[in-house]
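Participant: Quick one: this structure, given as structure tokens, is what I'll be asking you about.
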Amino acid sequence: VIRMYGVNAAGNSVCAFVHGFEPYFYIEASPSWDRDVRQAIGEQLNVRLRLFSKTKGGPAVIRIELCQKASIWNYQGPDAKRSFLKIVVSVPNLVAPARGLFEGGLHIKSVGEYIKCTTFESNVLYTLRFMVDTKVVGGNWIELPAGTYFLQRNQQLTHCQIEAHVHYTKFVSHPPEGEYSSVAPLRIMSIDIECCGRKGCFPEAKIDPVIQIASMVSVSGRTEGPVVKNVMTLGSCAPIVGAEVMSFDDEKDMLLRWRDLLIESDPDIIIGYNILNFDLPYLYERADALKIGAKFQVWGRVRGSHTRMRDSQFSSKAYGTHEYKDITIEGRVQFDLLTAIQRDHKLSSYSLNSVSAHFLGEQKEDVHHSAIADLQAGNEETRRRLAVYCLKDAYLPQRLLDKLMYTYNYIEMARVTGVPLSYLLTRGQSIKVFSQLLRKAQVKDFVIPNIKVTGPANGGDGVGYEGATVLEPKIGFYERPVATLDFASLYPSIMMAHNLCYTTLVPNDRLATVPVEDRAQSPCGDWFVRGTRQRGLLPEILEELLAARKRAKNDLKAETDPFKRAVLDGRQLALKVSANSVYGFTGATVGKMPCLAISASVTSYGREMIMKTRALVQEHYTRANGYETDCEVIYGDTDSVMVNFKVSDVTRAMELGREAAGFVSKAFPPPVKLEFEKVYFPYLLMNKKRYAGLLWTRPEKHDKMDSKGIETVRRDNCLLVRNVVTTCLERILIDKDIAAAKAYVKGVIADLLMNKIDLSLLVISKGLTKDGDEYDTKIAHVELAKKMRKRDAATAPAVGDRVPYVIIKAGAAKGAKAWEKAEDPIYALEHSLPIDCQHYLEHHLSQPLLRIFEPVMGNPKELLCGDHTRCIAVSTPSSASGGIMRFAKVTLSCLACKAPLPSGSKDSLCSHCKPQESEIYSRTLETVSELEGQYGALWTACQRCQGSLHMDVLCTSRDCPIFYRRKKVQKDLNEAMAQLERFGTDGDLDW
Amino acid sequence: MQMMDLEGPQSSQGLTARYDELLAPVTSKDNDTSFNRASATYSNLDDRFRAAKRSYERQYAQLYFSRLMLLKEVMLARVQQLWPGVPVCTILEVPESKEVAVIGTVYKNMKLKPSILDEYSKDRGLKAALGAANFCSGDDSLVLEDEGARMVLRDVAGPGPAGGSTTSGGGSEPLNVQEIVTGLVLAVRGVHEPGGDFIVNAVCFPGMAPNPHPLPAPVPHRAAAATAAVVAAGAPGDKYVALASGFCLGSSKADMLKTQLALDFLTGNLGSPVEQQLSAQIVRLVVAGGCIGQLEALAGGGGGGSGSSNPYNRQAQGVALQPVRDLDLLLAELSAGMSVDVMPGAEDPANVALPQQPMHRCLFPAAGMQGSFVRATNPHEFESDGVRLLGCSGQNVDDMAKYCGIRDRLDIMQRSVESRHIAPTAPDTLTCYPFHDKDPFILETTPHVYFVGNQPEFATRLLGGGSAAGAAAAAGPVVRLVTVPSFVRTGTIVLINLRTLACHPLRFDGTLGL
């Protein structure tokens, strides 16, 4: 029985019990096997499988059918079909053991056969098998025609509102087109929990209680916002406008009430931020710790079924390997925004704060986990404060989901690739291609072998092959328009053009079976049959994907309804991603069907094409052929070529670009197409994969500044580097004023050396991934975390936190190691520890600057030395910085010339400077005024962000750009104020 | 209340004409007549704006909190009077679908409001394009916050066109988003729709506070006839306070000729005995900020900036202080002859956060010698001959003008007086000191004269007093609102008659008629 969960158009949840679908797989049959042998195989299997069969009675193997299929692997010749045995077993769990028997070797004693063979399609999950065979795709509409089903009205097995039973041959699966392309009104629940950790530790489910759970339920496609806003708190909590507050004295009651809420609201999708790795496992484990696991862990839709959690590992070439807790919630999809955003977007930080700042344009306050305990221990007002924060954390994922249109994009992706929605997040790319391949293969009577995976299990990265090519860049600053020619969907089009597929690959030992005119050799030496002889499956899949994308794009242009547009846009994006992942599927050495012959051929064709394009363009666009000048290809990477036509006019460069694209395209087999996309003008080419330029797609005005591989986004760099690099590029590219850029850099360096740079610009942060003792070498941020734990265990960063630090001039030792110089920015601020400007200059600024300026000016090193580096200011060390300062005595000195004042003097200036008092006063005043302005702006910005005027700002979000600044301005302002007061106030004066 | 005509323009033109002939060398005749400058009592009330020791450890929440607490009592009484029978509750107690009144601080969400966070965002072009004129937009919205929670306010009619009818004077009125700025304490009457926003039927403001004491002389129901000359308007014994602002010494626009004319007039060195007589009746000059033009070269000290100017040079700063020295001389000359109060303004050498502290004595070595020279705070409050005057150098009104849709400066001042708060946008958009146990900008009493300096033009209005009925004049509080124009732009100073509160602009035109 398969349970299909969904909603109907009215929004009622439905569960359809689909009966009668049997799991099966194939093996290749030897021609000698007659009916008796097949019978014997079945019996032997039954005997051997009895061990695995949980359901006693009933044979494991239901029947064995003989059918005519072809293997997808390698070109099989014109009459590929051979006999295969379709072995149908009674329950899905038996497929794997049965496969093991065949692959391990099986003696059929009664007929004296020893079978050891490859199985086919035995690694297909039952769900996927069902979906492929019934043509169901993820997120489509299923119709149960009247009379084919039976409604279960009482004694329902699930929590769904409607329950129906149907045979698998009876329902109708509608392809997601036309009226069936709409997205069902799915119920989405967003959750966030708060836990009360002990001082200095990250909360642990075994010990630390859950204190608040916020839940929001909304319906996709409706705009009026959440239908349920609820927060459950441990201990009393003052009411919150627009949200239901439920307070509990006992944590167990709260958890159980939340379970009820979950079941009552019956969401189809559970979302949240980092729920997969934190919130859900925490709740699960917490219930175990409270010994209410059995009662609490029933989150699924099947009545009474216990939700299970296990450790799991996710490994994918595209997304890397990481461990996670796998919680199976029957009938509900878990969608973690963190995972999704990490996959789809490259950001410098993935905290909810910076993600919402990036996508929603609003900062979010961040309460440090050590502050949570204090708020919880307070009164109902402080708990209310926390509850508001918790609700916001539940609401933001909801808004992100809407803003990024994840519901639409993922449902469309599921529809296009034909996998269930839940696969998209928990599995890699390959399952999607595999599903498409299965569907295609089934139509064409191909079967897919279960290939033994050879890969990291055998050590190393498997067999490598040469990747894409990069043309040697001609480094320089181009003040003429540079046209960029791109191959549209390069890899998919190569596969189509050259008919690269499993089914068309001709192994070297079988070359003789195919006439030479029917096969072609790829540049890396593998042979494939030509499309005229047999079309491959992958090219067909790709063709369909790209054709569908073209259709979706055309529909998108015509559509005006924003919801339908969202669906169509999601679809065309899904189609593009799937087309590109087909190539990756063949190259994934840990994947289901790695075939390096295909992937290596693809890249080799790609390399050849880039080289050929360069040659063609440079031969054709010459003065000899009547063009203005000889053109030059200055750079090329993977699928693009940069051409300098050496004309000064953008319009002309675009004309030539378009012409060249057409001209070169003719040299390649269709559908390979070179497209002219954009012009860079001016263009700063620094190195391989490092360039920047103004991007033009219309001749009137540039679209934006585009840069690749430059220190503008990486988080390891401090903000200063990013700012400087961005500003330099703006000055050079947009203003075309190299002198201004140079002056700017010199100014920044001078400011840096004179200690005038805002500290928050200098903060570097690195993630603390494991405990300090587990690192082998001494690393700055790890050592700092240890140091901070000694100072105050409560606020020290725990594993998983990011550790922000600045580099200071450490102690007396001249040659202090880098790891000794890292210091907590707040600590450095409070104790006036001097910043190591030289370190920032040498290790952070100089490299990126030299790279940028190298193509522009003769001797970029001159930026780093000269007049502007002469004046160095160091903040007065306090006694906390150690060393000799601990023994120093503080005396007042003249504010202007620093001459020490006679002890006991209350004056601000020495007798020499006294005549200039008003000037010196004005200068101090100027500082005060500037700081006062900043103070006001910074603290009110925080107030706005926290959304309250009458309550103090608690936020300690170190991701926020103004966090350090507001702290620093507080300190600086008090210092400046004290200095100002030395001039005397008016209090003691009369008038 | 009623609005009065501006008495100004006509009379000032008359005067200007006469000055032109008076600029000619004085012949002789009555020149020996000597006038004795009138004197009046003076008490400085700046104490609440003074902070001897300033510490920036606190946040702003407590300022808002004290503001709400101090005005809440007033609002309660006000609501009971205006909306009898409507229950008052806190936001957390608001029931659904029942009409209630709620008191709180208002916060206005404005998408165009500049934020320091913008410095870190990528598109800087937007900010530059906006300029600094006005940050209102059609989708601004209001939230009301009390000590417990906040809720979104929505107009009963939905977002209507901004502008419309101006305030009707302290009664209840419909919600008009663009007439409200962040930080005002007010009450709203309306219904909380289930699961949604608070639908507002009417709002009300605290209303004018009572005067500290009645005026010594009764306020005339109608002002003096507009055609009459300044001198004729008053009785012989009348005393005047002169208000000026925006001399902007050192700026490129400063006109020393105009300034000198004004100075000569004030010290009694200009004009015929008629003018000298008038001058002698001026008991005090208040300079409401704007003494110095922008001093750019001084800005070497601040953090962060990496301007292209050479930051290593200290010599240039000596020159930059020249205007301050000029100011000192000018004020010394003035205060030798009369009492002068000097308030700091936005560009003056004082701290920027409100309340601005008096400019330091070391800046005024010459003027500081005179006993009649007062370095005042901004805002500045004092009482002279029983008349209470309160003034600002203009930052408060300028800032409100940026964040609301009211164009007329007098209307803004009126809203401010009726809300019993002179700087509601502080600290949100106007920098101020983080007070923790008080809010000095609250008007516990309404001054008799409220003036604001550095405004684009002169305007005045009398609030309260001779109300529409014209009956018992002493019934309500009275206030004379005055916008003191920037001198550098208009050449105008303003005289206030301490007996009648009549208000007269005097324009000095320094053009040579070429």
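The values are calculated or read from the model by the stated rules, or taken from the named source; none is laboratory data. Nothing here was measured: the structure is a model prediction, and the numbers come from that model. Because the Cβ atoms are built from the backbone with ideal geometry, glycine has one as well, and the counts that use them run over all protein chains shown.
Participant: Pick out the one residue from A:His159, A:His167 that is closer than 29 Å to A:Ile87 by Cβ and modelled with pLDDT of 85 or more.
Facilitator: Numbers: A:His159 fails: closer than 29 Å to A:Ile87 by Cβ.
Just a single option satisfies the conditions, and that option is A:His167.
Participant: Does segment B:76-93 hold any residues that are aliphatic (A, V, I, L, M), within 9 Å of chain A (Cβ to nearest Cβ) and surrounded by fewer than 19 Cβ atoms within 10 Å (Cβ to Cβ), and which are they?
Facilitator: Our first condition is that a residue be aliphatic (A, V, I, L, M); within segment B:76-93, this holds for B:76-77, B:79, B:82, B:86, B:88, B:91-92.
Pick out the ones that are also within 9 Å of chain A (Cβ to nearest Cβ) and you get B:91-92.
Answer for segment B:76-93, where residues must be aliphatic (A, V, I, L, M), within 9 Å of chain A (Cβ to nearest Cβ) and surrounded by fewer than 19 Cβ atoms within 10 Å (Cβ to Cβ): just B:Leu92.
Participant: Shifting gears a bit: For residues that are within 7 Å of another protein chain (Cβ to nearest Cβ) and in contact (Cβ under 8 Å) with a residue 12 or more places away in the chain, scanning just segment A:921-931, find the one that is farthest from B:Tyr60 (Cα to Cα).
Facilitator: Filtering segment A:921-931 for residues that are within 7 Å of another protein chain (Cβ to nearest Cβ) and in contact (Cβ under 8 Å) with a residue 12 or more places away in the chain, the one farthest from B:Tyr60 (Cα to Cα) comes out as A:Tyr921.
This table checks each residue for (1) surrounded by 18 or more Cβ atoms within 10 Å (Cβ to Cβ); (2) in contact with a Pro (Cβ under 6 Å, 6 or more places away or on another chain); (3) of a type in the set (Phe, Trp, Tyr).
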site: A:Leu255; (1), (2), (3): yes, no, no
site: A:Ser265; (1), (2), (3): no, no, no
site: A:Gly272; (1), (2), (3): yes, yes, no
site: A:Leu276; (1), (2), (3): yes, no, no
site: A:Leu280; (1), (2), (3): yes, no, no
site: A:Glu285; (1), (2), (3): no, no, no
site: A:Ile292; (1), (2), (3): no, no, no
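Participant: Another one. If you check A:Ile207 against the conditions, is it buried (at least 24 other Cβ atoms within 10 Å of the Cβ) and not assigned by the TED database to the domain that holds A:Gly139?
Facilitator: Details: buried (at least 24 other Cβ atoms within 10 Å of the Cβ): no; not assigned by the TED database to the domain that holds A:Gly139: yes.
So A:Ile207 does not fit the description; no.
Participant: Evaluate the following for A:Glu981: is it touching a helix residue (DSSP H, G or I) at 6+ places or on another chain (Cβ under 7 Å) and either modelled with pLDDT of 75 or more or more than 24 Å from B:Ile292 (Cα to Cα) (or both)? Let's see the steps before the verdict.
Facilitator: On the way: touching a helix residue (DSSP H, G or I) at 6+ places or on another chain (Cβ under 7 Å): no; either modelled with pLDDT of 75 or more or more than 24 Å from B:Ile292 (Cα to Cα) (or both): yes.
When the stated conditions are applied, A:Glu981 does not pass them.
Participant: Just wondering, is there one or more residues in segment A:613-625 that are in a loop (DSSP other than H, G, I, E, B), over 36 Å from the mean Cα position of the chain (by Cα) and either within 28 Å of A:Leu694 (Cβ to Cβ) or not assigned by the TED database to the domain that holds A:Leu505 (or both)?
Facilitator: At the first step, the residues of segment A:613-625 found to be in a loop (DSSP other than H, G, I, E, B) are A:621-622.
Filter again for over 36 Å from the mean Cα position of the chain (by Cα), leaving A:621-622.
Imposing the further condition that a residue be either within 28 Å of A:Leu694 (Cβ to Cβ) or not assigned by the TED database to the domain that holds A:Leu505 (or both) reduces the set to A:621-622.
Looking for residues that are in a loop (DSSP other than H, G, I, E, B), over 36 Å from the mean Cα position of the chain (by Cα) and either within 28 Å of A:Leu694 (Cβ to Cβ) or not assigned by the TED database to the domain that holds A:Leu505 (or both), one finds at least one in segment A:613-625, hence yes.
Participant: Let me ask something else. Could you run through segment B:38-75 and say how many residues are away from chain A (no Cβ under 14 Å), assigned to a loop (DSSP other than H, G, I, E, B) and exposed (fewer than 15 other Cβ atoms within 10 Å of the Cβ)?
Facilitator: Residues that pass the stated criteria total 2.
Participant: Within segment B:168-185, identify whether any single residue is in a strand (DSSP E or B) and modelled with pLDDT of 75 or more, and answer yes or no. Even if it seems obvious, please write down each step before you answer.
Facilitator: Of segment B:168-185, the ones in a strand (DSSP E or B) are B:173, B:185.
Filter once more, keeping what is modelled with pLDDT of 75 or more: B:173, B:185.
Within segment B:168-185, one or more residues are in a strand (DSSP E or B) and modelled with pLDDT of 75 or more.
Participant: State all residues of segment B:135-156 that are of a type in the set (A, V, I, L, M, F, W, C), assigned to a strand (DSSP E or B) and within 7 Å of chain A (Cβ to nearest Cβ); if no residue qualifies, say none.
Facilitator: The one that is of a type in the set (A, V, I, L, M, F, W, C), assigned to a strand (DSSP E or B) and within 7 Å of chain A (Cβ to nearest Cβ): B:Met151.
Participant: Inside segment A:731-758, can you point out the residues that are among the hydrophobic types (A, V, I, L, M, F, W, C), at the interface with chain B (Cβ under 10 Å from one of its Cβ atoms) and either under 32 Å from the mean Cα position of the chain (by Cα) or not in a helix (DSSP H, G or I) (or both)?
Facilitator: A:Met754, A:Ile757
Participant: Could you run through segment A:948-985 and say how many residues are more than 7 Å from chain B (Cβ to nearest Cβ), not β-branched (Val, Ile, Thr) and not in a helix (DSSP H, G or I)?
Facilitator: The qualifying residues number 8.
Participant: Report yes if some residue within segment A:916-937 is hydroxyl-bearing (Ser, Thr, Tyr) and under 28 Å from B:Arg150 (Cβ atoms); otherwise report no. Please lay out each step first, then the result.
Facilitator: So in segment A:916-937, the residues hydroxyl-bearing (Ser, Thr, Tyr) come out as A:918, A:921-922, A:924, A:927, A:929, A:935.
Keeping just the survivors that are under 28 Å from B:Arg150 (Cβ atoms) gives A:935.
Yes: segment A:916-937 contains one or more residues that are hydroxyl-bearing (Ser, Thr, Tyr) and under 28 Å from B:Arg150 (Cβ atoms).
Participant: For A:Gln934, indicate whether it is part of a helix (DSSP H, G or I), facing chain B (nearest Cβ under 7 Å), under 41 Å from the mean Cα position of the chain (by Cα) and not acidic (Asp, Glu).
Facilitator: no
Participant: Just to verify a result, which residue in segment A:239-268, among those that are assigned to a helix (DSSP H, G or I) and free of Cβ contacts under 8 Å to residues at least 24 places away in the same chain, is farthest from the other protein chains (Cβ to nearest Cβ)?
Facilitator: Restricting to residues being assigned to a helix (DSSP H, G or I) and free of Cβ contacts under 8 Å to residues at least 24 places away in the same chain, the top hit is A:Asp253.
Participant: Out of all the residues in segment A:670-685, is one or more over 22 Å from A:Asn644 (Cβ atoms) and either charged (D, E, K, R) or buried (at least 19 other Cβ atoms within 10 Å of the Cβ) (or both)?
Facilitator: Checked segment A:670-685: at least one residue is over 22 Å from A:Asn644 (Cβ atoms) and either charged (D, E, K, R) or buried (at least 19 other Cβ atoms within 10 Å of the Cβ) (or both).
Participant: Regarding segment B:435-452, can at least one residue be identified that is at pLDDT below 90 and farther than 22 Å from B:Ala376 by Cβ?
Facilitator: Checking segment B:435-452: at least one residue is at pLDDT below 90 and farther than 22 Å from B:Ala376 by Cβ.
Participant: Return the residues of segment A:163-200 that are of a type in the set (Ser, Thr, Tyr), surrounded by 15 or more Cβ atoms within 10 Å (Cβ to Cβ) and not in a strand (DSSP E or B); say none if nothing qualifies.
Facilitator: Within segment A:163-200, A:Tyr168, A:Ser181 meet the criteria.
Participant: Assess whether A:Thr233 counts as being assigned to a loop (DSSP other than H, G, I, E, B) and β-branched (Val, Ile, Thr).
Facilitator: No: the conditions fail for A:Thr233.
Participant: In segment A:362-380, is there at least one residue being within 14 Å of chain B (Cβ to nearest Cβ) and either within 30 Å of A:Leu438 (Cβ to Cβ) or assigned to a helix (DSSP H, G or I) (or both)?
Facilitator: The answer is yes; a qualifying residue exists.
Participant: Moving to a separate point now. Check off (1) buried (at least 19 other Cβ atoms within 10 Å of the Cβ); (2) farther than 30 Å from A:Val183 by Cβ; (3) modelled with pLDDT under 80 for A:Thr613 and give me the number that stays unchecked.
Facilitator: (3)
Participant: Can I ask one more? Any residue at all in segment A:117-137 that's farther than 30 Å from A:Lys564 by Cβ, within 33 Å of the chain's Cα centre (by Cα) and acidic (Asp, Glu)?
Facilitator: Scanning segment A:117-137, I find at least one residue that is farther than 30 Å from A:Lys564 by Cβ, within 33 Å of the chain's Cα centre (by Cα) and acidic (Asp, Glu), so the answer is yes.
Participant: Just to be sure, is A:Phe102 touching a residue at least 24 places away in the same chain (Cβ under 8 Å) and assigned to a helix (DSSP H, G or I)? Give the derivation first.
Facilitator: Details: touching a residue at least 24 places away in the same chain (Cβ under 8 Å): yes; assigned to a helix (DSSP H, G or I): yes.
Yes, satisfied.
Participant: To continue, here is another question. Which residue out of A:Lys646, A:Lys564, A:Lys557, A:Lys550 is assigned to a loop (DSSP other than H, G, I, E, B) and assigned by the TED database to the domain that holds A:Tyr683?
Facilitator: So the residue among A:Lys646, A:Lys564, A:Lys557, A:Lys550 that is assigned to a loop (DSSP other than H, G, I, E, B) and assigned by the TED database to the domain that holds A:Tyr683 is A:Lys646.
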